[in-house]
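The values are calculated or read from the model by the stated rules, or taken from the named source; none is laboratory data. Bear in mind that the values here come from a model prediction, so they are computed numbers and not experimental data. Cβ atoms come from the backbone with ideal geometry, glycine included; neighbour counts cover every protein chain shown. The protein model used for the area step is the full one, side chains on, heavy atoms only, and it has no ligands, DNA or RNA in it. Shrake-Rupley method; radii C 1.70, N 1.55, O 1.52, S 1.80 Å.
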Amino acid sequence: MNSLARHITEWFRDIVVAWDRFWFTPSEPHTLAMIRILGGSMLLYTHLVWSLNLEAFLGKTSWISNRASVLLNKGYDGEVYAWSHLWYIDSPALIWTFHIIALIVFAMLVVGFQTRVASVLAAIFTLSYCHRLNGALFGLDQVNAMIAIYLMVGRSGDVWSIDRWLAIRRGDLTPPIPRASTNIAMRLIQLHMCVIYLFGGIGKMRGETWWDGSAVWFAFASLEYQSLDMTWMVRWPWLISILTHITVFWETFYCFLVWSRYTRPICLGLAVAVHGGIALSLGMPTFGIAMIIGNMAFVSPELVKQSVAAISRFTIRKSSTNHDESKVAASKLASTTMPATTYVRINS
Amino acid sequence: MTPRRNNAPDASGELATSANRSHDTASTVDPLAAGGPNSKYRLAVSVLIALHVAAVFICPFAFACQVSNQSMSPFASGLYGLARPYSQALYLDHGYFFFAPDPGACHLVRYEVTLKGDAQPIIKTFPSLDDQWPRLLYHRHFMMAETLHNTYAPPTPPVEPTPPPANSTRQQKTQYNRIDLPIYREAKTTYDARREQHLALRGSMIKHLESLHPGGKVKLIRVEHRPLFPNEMTDLGKKLDAADTYTDLVEPTVAGGAQ
């Protein structure tokens, strides 16, 4: 009995240690910073598109009136737990003023200026727009809101940001510090992605077409979604059924397989393939890209840092090669107009 | 050891110093860090994390536990009731049933604007790639059309059960009071809420379109566009926009003209 109690106590202690390690191990900020840049850009783009017809969506005679918006948020118990500043304004001047402020906040988030403040304001604005525009939203907005909320938690502006650049200008040359809050933000994104995929898979498993292998066909055959005609696959039913089965099994088991370093590359590779396919062929490039951004949470900061460094080196090498080539081209051009004796002198 | 540059706590209460560059020294300066000094901090944060993750899980769980007759597992329903204020505030209350359980028909809205005088009526449909660009703007209109369909409740409310006659048995009276009447009341509450949502949304769409066509009267028709079965394409040579794949979903008229 004492042995059993001891084992149980050790088990609980191991759980606490594992929990601590999972959540509170300090992490470098590079992955979160990249999510800030890419996710912030998606937030900025999403809200820029509202600008194209802002009063049609938010004005006095908008598609979804304030009253309809509140009702769409109201549960069957009559309660509303959502809130939006946009429910209280409908004058064009105020709507545009707040909208421009929101766009500035999202831009600040992307470039990492006053990041801590910008991330909180960005989350508030994102949620406010989501609650007001309920009825015109889809998966993109769910992922946008998720990313906006978790960017508030970690220090995503510690690197690759105006804040960092200003700190260096002030003489703070210390490299970015690994922080537990950064790790918490990343873990929250990871778990949220797992929940999304788990229930996405479970939902599909309740359908017949995801089992009889025809679901991907019916997605491709939905004209309103179609951005790339994939109906040629109708001649290859076995291909359609393979894609169907892979999709549902990958989604359902993602939350188990993404944690192991042996299966994570497969999970993430399939994520890029599935969401890239959705982006290209089902007319939802924003949703596809947003999900890929969410999947980035599983890429280690070290790998992100190395990848960015490699791309920077390649870019610098390319631009210096182009610069050298243009110098050579310029000198050749000059030599064709110069006397032959001068030309010979340059080449010797 | 190099001199410390910045020893002040930051907004999150973490100490940031120039010395804690690597993982082996981070734990001595980050009170949240695993193995660090402040376990009470970590306990408090752990509780918040656990509650948040639970809320993230509960909403799609409750959605998945809802079946075709709209009933939900009592356990899931109870949990959802607890999580809902937080989940809705943070826009977490989703099912994530993307193309689930099955990819189904798409829904559009055709609107007809009857203008004054002899002017030809304007008939248009949204979403429309001709009218909405970029793709995201088109998709917004697509989602509004889908929402109009998803909120639809017919004009006829659920039928109230007839009370048992005075000479009915005790079991019949119990059946009525304890089963039939509560089911009806719940169905009626749900119906009233859905109908109110649908009429408000429909009304605001009509008002918006009438604002674009001053003096005109707008009529909205929900249109369902089903995808082709594979053999319809291979054997019958149909195209995705074949006329018989579109169905007008006409609002039935209640006797007496009310809708």
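Some points to look at:
- Assigned charges on the beta-carbon of Lys, Arg, Asp, Glu; chain A dipole about Cα centre (debye): 1060
- Among residues other than A:I95 with Cβ under 10 Å from its Cβ, the summed charge is -1 (Lys and Arg +1, Asp and Glu -1).
- Cα gyration tensor shape of region B:93-168, rounded if a/c is under 1.5, else prolate or oblate by comparing a/b with b/c: oblate
- Whether region A:79-161 is rounded, prolate or oblate, judged on the alpha carbon gyration tensor where a/c under 1.5 counts as rounded: oblate
- Pairs of Cα atoms nearer than 8 Å and 6+ residues apart set the relative contact order; for region A:74-192 it is 26 percent.
- Only Lys, Arg (+1) and Asp, Glu (-1) charged, at Cβ; the protein assembly as shown dipole about Cα centre in debye: 1440
- Rounded to 10°, Cα long-axis angle of helix A:180-205 versus longest principal axis of chain A: 60
- For q = 0.16, 0.18, 0.24, 0.27 Å⁻¹, Debye-computed log10 I/I(0) when each Cα of region B:62-105 counts as one equal scatterer: -0.50, -0.61, -0.91, -1.01
- Taking a quarter of the surface of the Cα convex hull of the protein assembly as shown gives a mean projected area of 46.8 nm².
- Other protein chain C-beta atoms within 10 Å of residue C-beta, averaged over A:277-290: 2.
- Between region A:79-155 and region A:5-50, the C-alpha centres lie 22 angstrom from each other.
- Partnerless Cys - the protein assembly as shown, beta-carbon criterion under 4.7 Å: A:C130, A:C267, B:C59, B:C65, B:C106
- Over 28 Å between alpha carbons, listed pairs A:K60/B:K124; A:K74/B:K124; B:K124/B:K239; A:K60/B:K219; B:K188/B:K217: A:K74/B:K124; B:K188/B:K217
- Total charge dipole magnitude, region B:139-211, about the Cα centre, Cβ charges on Lys, Arg, Asp, Glu only, Debye to nearest 20: 180
- Shielding of peptide A:193-205 by partners, expressed as the average count of other chain Cβ atoms within 10 Å per residue Cβ, is 6.
- Above 24 Å, the calculated P(r) of region B:117-259 contains 55 percent of its Cα-Cα pairs.
- Volume per residue that the Cα convex hull of region B:40-179 spans, once the total is divided by residue count, Å³: 246
- Sequence of A:T46, B:T147, A:T61, A:T97 when ordered by accessible area, the most exposed leading, probe 1.4 angstrom: A:T97, A:T61, B:T147, A:T46
- Contact order for region A:161-258, expressed relative to its length and based on alpha carbon pairs under 8 Å spaced 6+ residues apart, stands at 33 percent.
- The average projected area of region A:227-331, computed from the convex hull of its Cα atoms over all directions, is 10.3 nm².
- Trypsin sites (Lys or Arg not before Pro) within region B:72-133, DSSP loop, no more than 16 other Cβ atoms inside 10 Å: B:K116
- Scaled against the 2.2 N^0.38 Å expected of a compact globular protein of N residues, the Cα radius of gyration of chain A reads 1.28.
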